[in-house]
1. Tell me whether segment 565-585 contains one or more residues that are free of Cβ contacts under 8 Å to residues at least 12 places away in the same chain, part of a helix (DSSP H, G or I) and surrounded by fewer than 24 Cβ atoms within 10 Å (Cβ to Cβ).
2. Scan segment 252-266 residue by residue and report those that are over 14 Å from Q23 (Cβ atoms) and of a type in the set (S, T, N, Q).
3. Name every residue in segment 67-99 that is away from the ligand (no atom under 16 Å from the Cβ), β-branched (V, I, T) and touching a Phe, Trp or Tyr at 6+ places or on another chain (Cβ under 6 Å), in order of residue number.
4. Report every pair of residues separated by at least 6 positions or lying on different chains whose Cβ atoms are under 9 Å apart, first residue within segment 292-318 and touching a residue at least 40 places away in the same chain (Cβ under 8 Å) and farther than 24 Å from F187 by Cβ, second assigned to a helix (DSSP H, G or I) and not hydroxyl-bearing (S, T, Y).
5. Note down all Cβ pairs under 9 Å where the first residue falls in segment 51-64 and is under 22 Å from D264 (Cβ atoms) and within 12 Å of the ligand (Cβ to nearest atom), the second is of a type in the set (D, E, K, R) and in a loop (DSSP other than H, G, I, E, B), and they're at least six residues apart or on different chains.
6. Looking at (1) surrounded by fewer than 19 Cβ atoms within 10 Å (Cβ to Cβ); (2) in a loop (DSSP other than H, G, I, E, B); (3) over 30 Å from the mean Cα position of the chain (by Cα), which one does P306 not meet, given that it meets all the others?
7. Give the residue, chosen from D108, D154, D141, D173, that is of a type in the set (D, E), away from the ligand (no atom under 16 Å from the Cβ) and touching a Pro at 6+ places or on another chain (Cβ under 6 Å).
8. I'd like the full set of residues that are surrounded by fewer than 20 Cβ atoms within 10 Å (Cβ to Cβ), out of contact with any Phe, Trp or Tyr (no Cβ under 7 Å at 6 or more places or on another chain) and under 22 Å from D88 (Cα atoms), limited to segment 387-408.
Amino acid sequence: MTEKQLIELLNDLSFEEKIGELQQLSGRVYFGDDGIITGVDSNENLTEQEVNRSGSVINVVGPDKILKVQKNHIKNHPHHIPMIFMLDIIHGFGTSFPTPLAQSCSFDPELVKEIAHESAVEACNAGLHVTFSPMVDICRDARWGRVMEGSGEDPYLSSKMAEAAVLGYQGDDLSKEGTIAACVKHFAAYGMVEAGREYGTVDTSERFLRQYYLPSYKAACDAGSALLMTAFNANGGVPSTGDKHLLVDILRDEWGYNGAVITDYGSIRSMYSHGVTKNAKESAKLAMDAQVDIEMCSYCYHNGLPELVKTGEISMEQIDRAVLRVLQLKNKLGLFENPYRFTDAKKSLEVINNKTAMDLAQKAVSKTSVLLKNEDKILPLKKEEKIAFIGPYVYENDMYGGWSIRNQRKVEPRNIETVVKEKYPQNEFVFEQGSELLGADEPILKYDRARGSTLEFEADATARKQKIEKAVKAAKTADTVVMCIGEHTKVGGELAAKAYIDIPKIQKELFDAVAAVNKNIVVVLFDHRPLDITDISKKSKAVLNVWFPGIKAAEGIVDMLFGDAAPTGRLTMSFPYTVGQCPIYYSQLPTDHSPVIESVYATGYIDCQLTPLYSFGEGLTYTDFEYGELKLSKETLSQGETLTVSIDIKNIGERDGVETVQLYIRDIFASVSRPLKELKGFKKVEIHKGETVTVEFTLTPEDCMFYNTQLEYVWEPGEIQVFVGPNSKIEKFKSFELV
Ligand code: BGC
């Protein structure tokens, strides 16, 4: 439709139809337990007619169901306007890929884009139109369960990943097959919730908000994200969903964002829980004034807007603007010309788990896994040795992680034991489970209540003991032990904040027993977040952090263990030494008692080091690299100029490899305190054994910009230090002057 036709349609809609467009329904409205349209769910308090006028729905999964709802909807809607089907497709649809946090560790935006594209291809024929992804909240506190959905602690890296994901989902034309609309979330700064508490509160200065927390949302908006989701949290006491300054002054007016803004689940209603509105009407007023277009699964617009318009507190122009944005979104998706938009059960079955997606899923495992330690080059394993594979994840088929869609696959994932045995049938390997994933003594209190699904805990103390004994017996005679341990696959994502970030006690008990009899331990660690692995790391020779790698986890991990692929990921969230260090991130500000000044009066703790166990950017691979001398093309840099940074890197190891070269800067003196180091560039380079390559970066004064006390985005003259190295711990630098 042309814009003119859209406006004509808008003008032709009744007031009730307009309000309907702004309403997002829950899929529960349509489906009873048997999966057949059963009419209105009585809980929702809407009439059949009101349901028929609603603009979108969340959580209807399966092409047949979607077709049924859409056909019914078009038939019953007074103007036959199709609805939009939305779902959280966070790391794959039928093909589950590594979690977003893992993906960010690839330092490879192209990979993130490909994964988003393959997710869109699978979801499109299944009838879905919008995914609630990417989540670009900056995450610096491992206690928060949702860190697995983001790209970690750094604004620069996170922005690159945000852009890549949007482009991957949406392609260049949203009306084409194989695309879905992106919805960047949660605006804003949800990742900063105090102490990682789920649905907690945030308080940040506007300067920090702009400097560190907003850039990744902006990158997604600039890349064309068709939607943006508000956040549950309040910032400084102002709930995001009613934050006019954030949603209008910054998002709409400054950034020029013209896509549709949707709330998080029920988050207009929850302004009441925040204690800032007394009823639905007040909540609706705040959200409408903040130009929020779609209300997800609460009914404040529905209940509050008619009265607000009648009293003149909300104008018809405001309503029309919001409705037009919804119609524009439908138009971008091609729904007016193509209301069933490629929904095709047969084709969906064909594309789900297609070869390209499955190959990508396997390739992604080594690109996203981070080798944190590899003493004596114990990895890759030597096939001729006697190897014991021990731990619950040896036998686990589900290595998907949180927010994964487990019921849309047609290929069953395999486990590590199966894949090792198939690949190496003749070898002298043994396998022991050693323990369940969770014991009866774990401090997980709320899971069952929240999810409506249960976790299994090993309650039988004798069985627990016997499994450990069998594992110890196997470990005693093995040359090397591969321990596959970690967090439970479902305890990550929303509602999975933790006050303890250790691996489950039952597995730690197993680990300690095995470590007491064998020193050659390789840990394959599964996690949603950085865990406290200080003791585990001390007692093992290698730690291969695989996060949750998805449907091809077993194949990808076995490839890495035996050297058919090399891990090349780098940490995008620091691993704390202990939970007491959280939040922790590399780009700290210098302080009054900065540790750079040699003194006992230094910032930090008296019982723990200041730095994390493993820092941002860290990660090894199966070869080594030597960095040459850093060169800057000039000593001064001014407006309109560029400066070239170059460095030679040599592969001094025994095999070809991929290095992730990282460039950081430090602005030593500025009108506000600037971080000790900030990432400003990265490159992945393949370097053959014995080969040297020159890696170049370009810097401009814009790379040194920051928000000053007046909230102006500026660069100031003065010395800038440049660091290039394999991780954020690099100390050698060269300086130039901004003039
Ligand atoms: C989450 C969002 C999600 C939405 C829809 C909310 O509870 O915070 O991230 O997209 O539900 O499932």
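1. No, there is no match, as no residue in segment 565-585 is free of Cβ contacts under 8 Å to residues at least 12 places away in the same chain, part of a helix (DSSP H, G or I) and surrounded by fewer than 24 Cβ atoms within 10 Å (Cβ to Cβ).
2. Scanning segment 252-266 gives a single hit, N258.
3. Passing the criteria: only V69.
4. Matching pairs, first to second residue: P306/F15; P306/E16; P306/I19; V309/F15; V309/M316; V309/Q318; V309/I319.
5. Listed pairs, sorted by first residue: I58/D88; N59/D88.
6. Every condition holds for P306 apart from (2).
7. Within the list D108, D154, D141, D173, the selection yields D141.
8. D398, N407
The values are calculated or read from the model by the stated rules, or taken from the named source; none is laboratory data. Only a predicted model underlies this, so the values are computations on that prediction, with no experimental measurement involved. Cβ: placed from backbone, ideal geometry, glycine included. Neighbour counts: every protein chain shown.
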